[in-house]
Structure formats: structure tokens, C-alpha cells
Amino acid sequence: MRVSVIGCGHLGAPHAAAMAELGHEVIGVELDPETCKILQTGRGHFYEKGLDELLATYVPTGRLRFTTSLEEAADFADLHFIAVGTPLRADGRGYDVGQVVGAVRSLAPLLTRPATIVGKSTVTVGTVARLQEILTEHAAAGANLVWNPEFLREGHAVEDSLYPDRIVAGLTSPEAEKAIREVYAPILARDGVELIVTDPATAEVLKSAANTFLATKISFINAMAEVCEIAGADVSTVAYGIGLDPRIGHGGM
Ligand SMILES: NC(=O)c1ccc[n+]([C@@H]2O[C@H](COP(=O)([O-])OP(=O)(O)OC[C@H]3O[C@@H](n4cnc5c(N)ncnc54)[C@H](O)[C@@H]3O)[C@@H](O)[C@H]2O)c1
């Protein structure tokens, strides 16, 4: 498939490289010219295990290229991943989704044929409905929106993009499922990778619930560390011991 990845930061650059590895023709759009220039040379602008190797393999062949031009991506691709940043809002009440809204608003009128827009950024619940309104108003050529949150671990972005434990697709229309199944086909062909097809609100809340649960786990073991200090106990052994229960697990502690 011909795909674009809009926003080539810590999520987008590894995702673009992983899509090339899956066999797609990929164009990465990065607003920052300096970052884009580095990616065009076939290297990452930050260290991520396996990223430089994939960039060095696919950039010289042309299967993966980078641009600052959204027009070029709109012309080239039939499926567009949105991977721009969503920093926490200053008041702490959710994410600043300005980059996501900006990217979708800019892309919509540039589409010259029906396309699938696949959002990967972490957003405040309710954002997809807002983006759908933008697309309905500004994407005259037609666009199917899907919310496909990313669960990768920092430092394992390439590995987790290629070998995710699940793929979540919050569909705004049933037709978009075909595009999601096609773009992730090599991953879905593997045993044990589940595609959770749902509605956009469920996909948004699922991602938010996963983040909150993982944060709770860290807060819990930090509290246990304080208990251990008072009791003269070893928190590593406590974490290991409780983690052997599969309902608790070892991840994230
Ligand atoms: N980094 C992670 O480990 C991780 C894991 C899971 C989910 N996420 C989510 O992924 C999203 C991206 O995170 P990140 O860490 O990659 O952020 P980042 O700040 O590293 O990268 C975002 C990039 O998007 C670019 N950008 C912004 N607007 C653009 C536009 N209109 N067109 C093209 N490029 C544009 C920026 O210049 C920047 O390089 C966030 O929502 C984040 O919560 C990140």
C-alpha cells in the first residue's frame, strides 16, 4: 500500500520505518525541516534500537522517503497515519490536541481521492468526533477516519511497531476495516495478534485506560517501596513475588 506518516517524531519515525519493513511504500511528513533533513539522509534524529538500520535499508531504495510537504503526501498515499505530538495541557486536563487538529485540517482539502486517515496519537476522549466534523466539512474527496492508538514502550518503538501485542481500530465507518486489515496484514497473519474492532470512543477510552492502569501500577510499587523501607524489606523481591501472579504480572513495575 502507499501510506504516509504525518509527524515523524518518537512515534512517527519508527512507525514509518516499520511500515516500510512490512512492505509498504511510505512517505513521512515532518514539519520541522532540520528533523526532515536528517531523516532524508537515512538516519534517525534520536536513538531508538533498530531505527537507523531500517532507515539505512529503505531510504536509499526509495521505499521510504521524507518530506516537509503535506501536498506530496496527499498526492502519493491512500492511507495517512497521524502521529503528531499531543503534549499534556498546561492545566493538566487532558492532551493538547492542537497538532492533531492542525494536521487533519491541513490534509483534508489536499485529498484528491477518497483516503483512509488513521490516528495514532494519544488524544483526549472526544477528539475523534471533532476530527470527523472537520473531515466531513473539508475533505470533499471523502475520508474514512479510524482511531488506532499506539501502545509502544519508549525505547522499544521499532520492535513494538513490528510486533504489537494487539491492534485497536476505532472505526467511524465499516469500510475502513478493510484498509486497516490490509495495512497491518503481515502482523495480523501472526498467531496471537488480536485486532480489536470497535467504535472511536471505545478506542480513545481504551488507550486512556491503559495509560492510567500502567501509571497506577508504578504509583503502587512506589508506595510499596516506602512500606518496604519502613519494614526493612526488599521491594525488588516483593515486586518479583507479586508479579508471578499472572493477574498482576511483571511489566511496568
Ligand atoms: N513516544 C512514545 O513512546 C509514544 C508511545 C505511545 C504513544 N505516543 C503518542 O504518539 C504521539 C506522538 O508522540 P511523539 O513522542 O512521537 O511526539 P514528538 O514530539 O516526538 O513528535 C511529533 C512530531 O510531529 C511533528 N509535527 C507536528 N505537526 C505536524 C504536521 N502538521 N505535519 C507534520 N509533522 C508535524 C513535530 O515536528 C514532531 O517532530 C503523541 O500523541 C504521543 O502521546 C508516543
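All of the numbers you see were taken from the coordinates with simple rules; none came from a lab. Note that the coordinates shown come from a computational prediction; the quantities given were computed from them, not determined experimentally. Please note: Cβ atoms are built from the backbone with ideal geometry, for glycine as well, and neighbour counts cover all protein chains shown.
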Sorted on mean Cβ neighbours within 10 Å (highest first), peptides 137-148, 92-103 come out as 137-148, 92-103
Over the chain, with a Gaussian network built from C-alpha contacts below 10 Å, which listed residue (ASP78, ASP191, ASP160) shows the highest mean-square fluctuation?
ASP191
What ³J(HN,Hα) values, in whole Hz, does the Karplus curve 6.51 cos²θ - 1.76 cosθ + 1.60 give for region 62-71 when θ = phi - 60°, with x put for Gly and Pro?
x, 5, 10, 9, 10, 8, 9, 9, 5, 4
Cα extents of region 117-214 per principal axis, largest first, Å, are 38, 30, 21
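State the extension gain, in nm to one decimal, for the chain segment bounded by PHE220 and ARG105, taking 0.36 nm per residue of separation less the distance between their alpha-carbons.
Working: separation 115, 0.36 × 115 = 41.40 nm, distance 4.05 nm.
Result: 37.3 nm gained on full extension.
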Say we join alpha carbon atoms closer than 10 Å with springs in a Gaussian network model of the chain; which of ALA83, ALA210, ALA231 then has the biggest fluctuation?
ALA231
Neighbourhood net charge (14 Å Cβ-Cβ; Lys/Arg +1, Asp/Glu -1) for PRO87
0
Which parts of region 16-44 would a label at ASP52 reach, counting a residue when its backbone N lies under 13 Å from a point 7 Å out along Cα-to-Cβ?
42-44
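Could you work out the relative contact order of region 1-42, using alpha carbon pairs under 8 angstrom and six or more residues apart, expressed as a whole percent? Could the numbers behind the result be given before it?
On the way: 46 pairs, mean separation 17.3, N = 42.
Over region 1-42, the number comes to 41 percent.
Can you say what percent of the DSSP beta bridges in the chain, counting only those with both residues inside, are antiparallel? Round to 5. Present the calculation step by step, with values, prior to reporting the outcome.
Details: 3 of 30 bridges.
Percent antiparallel among DSSP bridges in the chain is about 10.
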With x for Gly and Pro, the residue-by-residue ³J(HN,Hα) of region 120-128, computed from phi through the Karplus equation 6.51 cos²θ - 1.76 cosθ + 1.60 at θ = phi - 60° and given in whole Hz, is 10, 4, 8, 10, 5, 4, x, 5, 4
Built amide H within the under 5 Å cut-off of ASP96, gap 5+:
LEU88, ARG89
For region 186-253, which trypsin sites (Lys or Arg not before Pro) are in a loop by DSSP, counting at most 16 other Cβ atoms within 10 Å?
ARG190, ARG247
Which residue, GLN132, GLY42, ILE180, has the largest displacement toward the positive end of the dipole of the chain when charges sit on each Cβ (Lys, Arg +1; Asp, Glu -1)?
GLN132
Spelling it out for PHE81: with amide H atoms placed in the peptide plane at 1.01 Å from N, the residues 5 or more places away or on another chain with amide H under 5 Å from its amide H are SER4, VAL5, ILE6, VAL118
Subtracting the Cα-Cα distance of ASP32 and ALA210 from 0.36 nm times their residue separation yields 61.1 nm
Only helices counted: for the chain, with every DSSP H run of 4 or more residues adding -39500 (n - 2.57) and the sum spread over all residues, [θ] at 222 nm is -13500 deg cm²/dmol
For a protection proxy built on the mean count of beta-carbon atoms within 10 angstrom, sort 13-20, 25-32 highest first, please.
13-20, 25-32
Give, rounded to the nearest 20 debye, the magnitude of the charge dipole that the chain has about its Cα centre when Lys and Arg contribute +1 at Cβ and Asp and Glu contribute -1 at Cβ.
240
Karplus couplings for region 236-251 from phi (6.51 cos²θ - 1.76 cosθ + 1.60, θ = phi - 60°), rounded to Hz, Gly and Pro as x?
5, 5, 4, 4, 5, x, 6, x, 5, 6, x, 6, 9, x, 9, x
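Could you tell me which of rounded, prolate or oblate describes the chain, using a ≥ b ≥ c as the square roots of the eigenvalues of the alpha-carbon gyration tensor, with rounded for a/c under 1.5 and, failing that, prolate when a/b is larger than b/c and oblate otherwise?
prolate
Rounded, prolate or oblate: which one fits region 51-127, using the alpha carbon gyration tensor with axes a ≥ b ≥ c (rounded when a/c is under 1.5, else prolate when a/b beats b/c, else oblate)? Don't skip to the end; give the middle numbers.
Working: a/c = 2.70, a/b = 1.45, b/c = 1.86.
Oblate, because a/c is 1.5 or more while a/b does not exceed b/c.
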Using alpha carbon centers only, region 15-34 is separated from region 160-227 by a whole-angstrom value of 21
